[in-house]
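The values are calculated or read from the model by the stated rules, or taken from the named source; none is laboratory data. The structure presented is a predicted model; accordingly, all values stated were derived computationally and were not measured. For neighbour counting, all protein chains shown are included, and Cβ atoms are generated from backbone atoms with ideal geometry for every residue, glycine included. When the accessible area is computed, the model is the full protein with side chains, heavy atoms only, and any ligands, DNA or RNA have been set aside. Shrake-Rupley method; radii C 1.70, N 1.55, O 1.52, S 1.80 Å.
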Amino acid sequence: MSLSNERSRWEREVVQPVVRRHPERRDGRLETASGVPLERVYLPPEGADGAAYRESLGFPGEYPFTRGVQPTMYRGRYWTMRQYAGFGTARETNERFRYLLDEGQTGLSVAFDLPTQIGYDSDHGLALGEVGKVGVAIDSLADMEVLFDRIPLDRVSTSMTINAPAAVLLAMYTVVAEKQGVSRDSLRGTIQNDILKEYIARGTYIFPPEPSMRLVTNTFRFCAEELPRWNSISISGYHIREAGATAVQELAFTLADAIAYVEAALSAGLDIDAFAGRLSFFFSAGSDLLEEVAKFRAARRMWARIMKERFGSDSPRSQALRFHAQTSGAALTAQQPDNNVVRVTLHALAAVLGGAQSLHTNSRDEALSLPTEESVRIALRTQQIIALESGVANTVDPLAGSWAVEALTDELESRAREYLERIDREGGMVAAIGRGTPQRDIEDAAYRYQREIEDHDRLVVGVNCHEGIGDSCIDVMGFRQDVHDAQVSRVEGVREERDGAAAASTLAALRDAARDPDADLMEPIVEAVRAYATLGEICGALRDEFGEYRQHTVV
Amino acid sequence: MENTVRILIAKPGLDGHDRGAKYIARALRDAGYEVIYSGIRQTPEAIVEMAIQEDVQFVGLSLLSGAHMALFPRVVDLLREHDAGDIVVFGGGIIPGPDVYELQEAGVRAVFPPGTPIKKVIDFIEATRQELPAL
């Protein structure tokens with residue numbers, strides 16, 4: 001079939017049903033600034049090799065999804081502008097969330113503090129200095145009730161950056177919904193739940209890999225059966241990249257993690273298409289614009305092929321790689337911080353040209369402190385300017401067919417495949433992480449990168465060239481010290497007021513379930529949460545049964 | 001340059017951002033120092049014990065989570081309590097300007113912001129080692 005016949009088929013069979021349900025935007029102009037109409041999608045010239053085109057690129061919304069996961073992409077709806085936020089107590093963060101929702105935001109993204117992420121209550125000794133710092137402190141259901149107070153959970157989608165204790169926070173969310181009278185099947189959102197990259201790069205692990213993978217597959221099953229609109233995981237290359245990985249390594253290690261999760265879920269008896277459609281991804285968007293665009297396109301094509309060829313799935317939902325992007329924090333500089341606004345623009349543009357489903361833009365003061373309100377506003381405005389003024393959202397996958405971008409897309413795929421083959425030879429990603437090989441690759445890449453900057457082989461404006469006469473000054477937000485005491489007395493209050501015997505018996509039931517490797521952990525966790533057992537108690541019970549992971553560090 | 005200086009690079013608190021700490025550790029080792037890296041998620045007590053046991057002259061603390069005001073001075077105080085106040089403590093990470101001054105008041109000898117060339121850290125070590133008892 002010729003390409004023009006193919007296009008008619010695609011328009012008729014794929015585009016029209018979607019456009020009938022979700023018409024294309026009327027607010028933006030689907031034409032250039034000077035009034036030239038923009039086609040939905042541009043194709044190779046007539047007479048080009050149609051078979052080769054379909055094999056490597058295909059149409060948007062169709063296998064292998066290189067050109068995007070939806071047929072109309074941003075002509076239908078812009079990406080979700082989802083800024084990661086959370087600080088201090090649940091009360092303060094709730095106020096910020098309700099302000100954002102009043103301003104028209106429909107998606108929330110919750111940042112938790114480190115004690116929450118590592119399963120300690122705020123009054124634990126190791127929480128010293130960390131309570132409410134990099135996110136909100138959540139110790140029990142009581143905090144979660146406050147966090148989502150007066151926020152209708154059937155009307156927002158909520159992304160939670162939580163990994164080792166993801167099952168516990170998800171349980172808290174469903175119980176809060178229950179108390180609001182919201183049914184489980186109307187809940188929309190994402191838990192990060194990606195423990196493998198915690199061992200590789202991010203560091204908020206609790207348990208050893210085996211029980212951690214069990215918790216992951218238990219949440220997959222729970223989501224498949226109870227929360228059909230919930231993304232059960234966000235498989236994250238972001239932190240791998242931020243730790244120093246190259247774009248190729250980010251691509252390869254993320255997909256290798258994804259393969260490990262799919263294999264674990266299949267071994268646990270789940271059907272591929274029952275859970276694969278709810279897997280989502282999270283990538284970094286860096287400064288090298290062409291390579292980043294190529295990376296996102298290669299990621300989609302690779303995942304579609306992996307799902308089809310390796311796991312035998314023919315479901316487009318399972319094959320389509322949907323991703324959130326965040327602009328690179330490591331690319332930002334403490335020197336001349338206003339320059340970071342320009343860097344973030346490049347990063348965000350790469351994410352949009354690469355077809356991201358949602359995007360967080362970093363603030364210019366990332367390298368100095370938590371962002372000020374003004375900096376956050378500029379970061380959000382950056383996305384809005386790209387959406388409404390740049391015109392790149394008005395035709396799907398606009399860089400397709402660029403010889404440079406297509407060649408880079410092929411090259412990134414081929415280099416990433418070499419890593420995947422090596423990881424397969426090592427016995428899969430869990431074994432490779434155990435051996436420390438991806439960690440070493442990342443450390444070496446990070447070291448090389450920094451040495452290149454030191455040696456002026458890699459130039460960073462304001463850092464090793466164009467330093468100017470001094471740093472521009474911007475106001476920074478100090479870290480707050482007062483949250484700790486408030487949070488400690490709150491968790492003590494919860495322990496006093498609850499039915500202590502009920503909480504203890506749910507924790508005992510959880511321990512029993514943990515000892516039986518075939519038992520489901522989600523329901524006992526939900527019951528413990530409901531009885532106001534604290535996050536620290538629940539994770540503590542699992543620590544007793546599962547043990548704790550210890551990183552072996554060689555530098 | 002005689003390079004028998006021993007340095008502990010340590011990550012106090014719960015923060016997992018270790019790219020900077022690992023870079024500093026490796027770059028200082030390449031510069032000829034003996035360097036020990038603690039790994040992430042160490043308590044101030046564990047860091048002080050490691051510093052004394054490893055007989056280091058310098059402890060470099062790295063933290064990006066904002067807990068530095070609670071944890072850096074605690075390391076300095078614990079070293080003093082253990083009669084190891086001559087060990088020089090320096091730090092780096094995401095440290096807002098006003099906090100740098102307070103940390104120095106609390107006995108942290110230098111704070112290096114992101115993007116600091118390694119040469120500046122080496123210059124600091126070389127200048128400061130002159131004050132130490134002969135190695």
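Search the stretch A:91-116 for residues being among the hydroxyl-bearing types (Ser, Thr, Tyr) and open to solvent by 40 Å² or more (accessible area, probe 1.4 Å), and hand back the single one that is farthest from the other protein chains (Cβ to nearest Cβ).
Result: A:Thr106.
Can you work out which of the residues in the stretch A:319-367 that are touching a strand residue (DSSP E or B) at 6+ places or on another chain (Cβ under 9 Å), of a type in the set (D, E, K, R) and touching a residue at least 60 places away in the same chain (Cβ under 8 Å) is nearest to A:Ile378 (Cα to Cα)?
A:Asp365
Residues that are over 22 Å from A:Val396 (Cβ atoms) and over 18 Å from the mean Cα position of the chain (by Cα): find the helices (runs of 4 or more DSSP H) completely inside the stretch A:269-352 holding 1 or more of those.
In the stretch A:269-352, A:272-275 are the helices (runs of 4 or more DSSP H) which contain 1 or more residues that are over 22 Å from A:Val396 (Cβ atoms) and over 18 Å from the mean Cα position of the chain (by Cα).
Over 19 Å from B:Phe124 (Cβ atoms) and open to solvent by 10 Å² or more (accessible area, probe 1.4 Å): does that describe B:Asp99?
no
State yes or no: is A:Leu279 open to solvent by 10 Å² or more (accessible area, probe 1.4 Å), of a type in the set (A, V, I, L, M) and in the same structural domain as A:Tyr447 (by TED's automatic domain parsing)?
Considered against the rule, which asks whether it is open to solvent by 10 Å² or more (accessible area, probe 1.4 Å), of a type in the set (A, V, I, L, M) and in the same structural domain as A:Tyr447 (by TED's automatic domain parsing), A:Leu279 comes out as no.
Would you confirm whether or not the stretch B:38-50 contains a residue that is away from chain A (no Cβ under 12 Å), closer than 29 Å to A:Tyr205 by Cα and open to solvent by less than 10 Å² (accessible area, probe 1.4 Å)?
There is at least one residue in the stretch B:38-50 that is away from chain A (no Cβ under 12 Å), closer than 29 Å to A:Tyr205 by Cα and open to solvent by less than 10 Å² (accessible area, probe 1.4 Å).
Going through the stretch A:61-98 one residue at a time, which ones are in contact with a helix residue (DSSP H, G or I) (Cβ under 8 Å, 6 or more places away or on another chain) and charged (D, E, K, R)?
A:Glu62, A:Arg67, A:Arg91
How many residues are of a type in the set (Asp, Glu) and in contact with a strand residue (DSSP E or B) (Cβ under 7 Å, 6 or more places away or on another chain) when one looks only at the stretch A:199-257?
Total satisfying the criteria: 3.
When you look at A:Gly119, is it within 12 Å of chain B (Cβ to nearest Cβ), within 30 Å of B:His68 (Cβ to Cβ), open to solvent by 10 Å² or more (accessible area, probe 1.4 Å) and part of a loop (DSSP other than H, G, I, E, B), yes or no?
The answer is no for A:Gly119.
Of all residues in the stretch A:39-84, count the ones that are open to solvent by 60 Å² or more (accessible area, probe 1.4 Å) and in contact with a strand residue (DSSP E or B) (Cβ under 6 Å, 6 or more places away or on another chain).
The number of residues fulfilling the criteria is 1.
Name the one entry in A:Val392, A:Val344 that is in contact with a helix residue (DSSP H, G or I) (Cβ under 7 Å, 6 or more places away or on another chain) and surrounded by fewer than 18 Cβ atoms within 10 Å (Cβ to Cβ).
One residue alone meets the criteria, A:Val392.
Could you tell me whether A:Arg278 is closer than 13 Å to A:Thr409 by Cβ and touching a residue at least 24 places away in the same chain (Cβ under 8 Å)?
no
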